[in-house]
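A.B. asks: Input: one structure, supplied below.
The values are calculated or read from the model by the stated rules, or taken from the named source; none is laboratory data. Note that the coordinates shown come from a computational prediction; the quantities given were computed from them, not determined experimentally. All Cβ positions, even for glycine, are placed from backbone atoms using ideal geometry, and neighbour counts span all protein chains on display. To get the accessible areas, we keep the full protein, side chains included, count just its heavy atoms, and leave off ligands, DNA and RNA. Shrake-Rupley method; radii C 1.70, N 1.55, O 1.52, S 1.80 Å.
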Amino acid sequence: MTILIRNLGEMHSTIDAILSNYEGDGPIRVIWPRRIKKNAQHFQRLFSGNVVYAVKCNPDPTILEALKQGGINNFDVASIGEIEFIKTWNQDSTLYFQHPVKSRSAINLAYQKHGVRHFSIDHRDELNKIFEELPTNPEIVVYVRLATPELGAKEDLSNKFGANAEEASKLLKCIYGGGLSPALSFHVGSQCYRPEAYRVALALVKEVLNISAIPIRCLNLGGGFPVTYAGDLVAPLEVFMKEIDAGLNSLSLDQDVELFCEPGRSLVAEGMSVVARVCLRKKNKLYINDGIFGHFLETYLHGFQPPNRAIRPGSGFSQNIKSFEVFGATCDGNDVLPGKLELPNDIREGDWIEFGNMGAYSLALSSGFNGFGVEAVVSLC
Ligand SMILES: Cc1ncc(COP(=O)(O)O)c(C=O)c1O
């Protein structure tokens, strides 16, 4: 059963204090709304356009509220499900339907019922759907998504989506000729370690603008900004922004082009921890009550190791450290965390492990397989 311990107000407490009083023994999701709000404000200070949040990354209402408090009220959505969810939560938000493949019913519902005016495409047939389903209205902004070269992202997205420069330029002309407003977008890939990826992508934007000679209404720089997982060396956001500014300077865009980006991970990853319990120890193997079918699928897919620490409420651990293989809760043989975790030698059944920087693509990908799930959700100051 999931016990939601939400809206506790300003809880000046720590995970250790919560565990001392916790009577359950299922995993706990801990959210820090203030960190998320601060991250949102920091990002907006550094970026010269609007910041739109990619809902897919983490749709938890406490997280959305914290982003709103931090000044972010526009959202990148990928489906009618996300559109309805956000519109129910906040009718006033502006939505950007940035999935380049949509059903006709989704295009219609988004436009007619939810007032969506921003749609992404990367192929002529997808553009035809928009022409056929929607009226000729210059308020409709159609983004041609560009494929970008693979440059240091953990999750490449251009193997699946994106047009090359020549195709993109033809699509821009069709959009313009069809009476809709042309725009461009790209996504350099998620958890992108190389800041220059954005400058390279913006050079591609320049090439498309030169070939097509079509004025664009909006330019969307996507997401991809990285956070730190164990063993990562990640450049600060400022370095990414410098590359973006250099790329933008070389474009000389008209002043009225609306510029935005749509990060997910970098806004919310640091704002959530998952605290899981050790259910069994077999020598160097630990069995915990969360796993890859819970919050840890992305760690498994990309080999991320979130920062972690062992907790034994009310007492300490041995100073000696040992490497442990950590197995997840389900019966599936694949349910094991990547790499080995360095934990106290004397860790045992009943101890807890906090996994930090777990706000991105964790809750959103949890399946509840085998009936396992989070037991408590706590917001901390
Ligand atoms: C279209 C789009 N925008 C934004 C994002 C968010 O990316 P990130 O979390 O890497 O910032 C994604 C992630 O897959 C995406 O597909």
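A.B. asks: Which lysines, if any, have their Cα less than 29 Å from the Cα of Lys38, not counting same-chain residues under 8 positions apart?
C.D. replies: Reachable lysines: Lys56, Lys68, Lys87, Lys154, Lys242.
A.B. asks: Relative contact order of the chain, please, whole-number percent, based on alpha carbon pairs below 8 angstrom and at least 6 residues apart. Numbers along the way, then the final one.
C.D. replies: On the way: 839 pairs, mean separation 87.2, N = 381.
So the answer I get is 23 percent.
A.B. asks: I would also like to ask the following. Separation of the range 51-119 and the range 283-332 by C-alpha centroid, Å?
C.D. replies: If you average the Cα positions of each part, the centres end up 34 Å apart.
A.B. asks: Straight-line reach from Lys113: which aspartates and glutamates fall under 16 Å, measuring Cα to Cα and dropping same-chain residues less than 8 apart?
C.D. replies: Leaving aside aspartates and glutamates fewer than 8 places away in the same chain, those within reach of Lys113 are Glu82, Glu84, Asp92, Glu133, Glu139.
A.B. asks: How big is the antiparallel share of DSSP beta bridges in the chain, given as a percent to the nearest 5?
C.D. replies: 40 percent
A.B. asks: Using Cα positions and a limit of under 16 Å, work out the lysines in reach of Lys283, with same-chain residues fewer than 8 apart set aside.
C.D. replies: Within the straight-line cut-off, Lys283 pairs with Lys322, Lys340.
A.B. asks: Calculate, for Ser105 and Asn159, the FRET efficiency according to 1/(1 + (r/R0)^6) with r their C-beta to C-beta distance and R0 45 Å; round to the nearest 0.05. Each step should come with its number before you reach the end.
C.D. replies: Working: r = 27 Å, r/R0 = 0.60.
About 0.95, to the nearest 0.05.
A.B. asks: Continuing with this model, one more query. Helix 33-46 sits at what angle to the longest principal axis of the chain, using alpha carbons and giving 0 to 90 degrees rounded to 10?
C.D. replies: 30 degrees
A.B. asks: Give the angle, between 0 and 90 degrees and rounded to the nearest 10, that separates the Cα long axis of helix 237-249 from the longest principal axis of the Cα atoms of the chain.
C.D. replies: 10 degrees
A.B. asks: Still on this model: On a 0 to 90 degree scale, rounded to 10, what angle separates helix 80-89 from the longest Cα axis of the chain?
C.D. replies: So the helix axis and the longest Cα principal axis differ by about 70 degrees.
A.B. asks: Treating only the Cβ atoms of Lys and Arg (+1) and Asp and Glu (-1) as charged, compute the dipole magnitude of the range 240-306 about its Cα centre; round to the nearest 20 debye. Intermediate results must be reported in sequence, preceding the final value.
C.D. replies: Details: 7 positive and 9 negative charges, 241 e Å.
The calculation lands at about 1160 debye.
A.B. asks: Mind checking which of Gly71, Gly189, Gly264 has the largest fluctuation in a GNM of the chain, springs on alpha carbons under 10 Å?
C.D. replies: With Cα springs under 10 Å in the chain, the top fluctuation among Gly71, Gly189, Gly264 is at Gly71.
A.B. asks: Taking Rh as the Kirkwood radius, which is the inverse of the mean 1/r over Cα pairs, what is the Rg/Rh value for the chain? Walk me through the numbers on the way to the answer.
C.D. replies: Numbers: Rg = 22.3 Å, Rh = 22.0 Å.
Ratio value, two decimals: 1.01.
A.B. asks: Share of the range 33-268's accessible area from carbon and sulfur, percent, 1.4 Å? Provide the component values of the computation, followed by the final result.
C.D. replies: Numbers: 4690 of 9740 Å².
Carbon and sulfur together cover 48 percent of it.
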